[in-house]
Amino acid sequence: MKISDIIGTDNSVDKSVAMSGKDTVVGVNAQFTGNIMFSQNLKISGTVKGNIDSNDDNDAQVVIDQNGVVEGDLTAPVIILKGEVNGNVHSTTKIVIDASALITGNVYYDILEMHGGATVNGSLIRNMGKTAGLIEKKTETDDKSTGFLQSIDKQEK
C-alpha cells in the first residue's frame, strides 16, 4: 500500500476535523480489510471491511465522509456519518448523521443529531447512559418474555 492510498491522491484533509500527528486516515483510494482499533481521531474516506472500535478514549471521534464505506460495526464516543455503514453503530456520547448518510443497522446513541435526507434502515435506540451491549441483551430477553395479554389468556384457560 502506498502513502497516497492512506492520505488520498489530492493530499487534502477535511477541515471540519482537526487533524494531528496521532490521527488515523483511510484515504479515498484505500480498501482496508480487518478490524480497526484506534484512539483520538479516525477518518474513513475509503472502504473498511471489518469492525471499528475506539480505545477507552472519551474524546475519540470517527468521521465517515461521503466517499467512506464501513462494512461492520462501528463503536466510538463521537461519530460523524456522511457516508455508508452496513452494521450497527454504537456511540457513548454523540452521533451526527448527515443528509448524505446511509446506515443499514441499529443506531445506539446518547445524543443524536440527524439531518433531513439521511437514511437509517434499522432502529434508533437511546442508550440513556448504558453501554450498548447491555441494551442489546435486555432487548433480547424482553423479546422472549410473554406479553401482558398472553399472560391473561394463560390464566383464563
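Values in this text are rule-based calculations from the coordinates and carry no lab data. Model, not experiment: these values are computed from the prediction. Cβ placement follows ideal geometry from the backbone for every residue including glycine, while neighbour counts extend to all protein chains displayed.
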**OP:** Within 10 Å of each residue's Cβ, count the other Cβ atoms and sort LYS49, LYS43 from fewest upward.
**Re:** LYS49, LYS43
Subject >> For VAL62, VAL78, order by how many other beta-carbon atoms lie within 10 Å, fewest first >> reply: VAL78, VAL62
